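See structure below.
Rule-based calculations on the coordinates, nothing more; no lab input. Computed from a predicted model, the values in this text were never measured in an experiment. Note that each Cβ is placed from the backbone with ideal geometry, even for glycine, and that neighbours are counted across all protein chains shown.
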Amino acid sequence: MPAIQGAREKAKTAACLSNQTQTVKFIKDYMAANDDFLKSGTAEDSTWSRILFDKNIIKDSKVLRCPSLIYSSANGTTQAEIKNELAHVYGVGYTTNTDGFDFRGTKYLTNQDGDSISPNMLILGGCSGKAQDNATAIMSFKSGDTTGGAPIGIHQKQANFFFLDGHVETLNQEVMKKKYYPLSTVTSTAKGGADFITNTSKF
């Protein structure tokens, strides 16, 4: 049984990474048409996923969801049902600035010391939620912040993440912190910014 369960989880992890590859492609398609700008959403009725749906970039929520998380709403047919589902998908980091993120070139991404940060170092989103059965489209990047969900180590104590440059990775808490120095602060000189992930309580 453990071997079978392990094989199933590996398959779910791979399916999740495939979903995230598609997810970040949808996000980048949206950003390409909007001057590298992404409205992350500060509430469930204005999330990134609903904006992509309203722009006809995505048709449903299925590809935006982690196969290992449990979702209470699925397979909706009406617009209201679909929009409710889109509030419970992969979490994307939010900014308290209601305009969202402005990623017009790497020169706009700096840490608190003013050093430039490459897009391949910016975790844009991933497997996150308030609980295993409560995924939310808003990922909190700050420890103790209850606005959104935190990264969830749903894949054998690891989580899948997608990055601004388009690649995806499976990371545990230690590697994520060490490799992507989450205590630094990402800022945008134009329209606000957000912290790297520090809320890792659900790993």
**Message:** Using a Förster radius of 30 Å, what is the FRET efficiency between Ser72 and Thr146 based on their Cβ-Cβ separation? Nearest 0.05, please.
**Reply:** 0.95
**Asked** Taking the Cα-to-Cβ direction at Glu174 and at Asn56 and moving 7 Å from each Cα, how far apart do the two end points lie in nm?
**Response** 5.0 nm
**Asked** Ranked highest first by average number of other Cβ atoms within 10 Å, how do 149-156, 85-92, 23-30 line up?
**Response** 85-92, 149-156, 23-30
**Request:** With 25 Å as the limit, write out which pairs from Lys12/Lys55; Lys28/Lys59; Lys28/Lys157; Lys83/Lys157 have Cα-Cα distances beyond it, or answer none.
**Result:** Lys12/Lys55; Lys28/Lys157; Lys83/Lys157
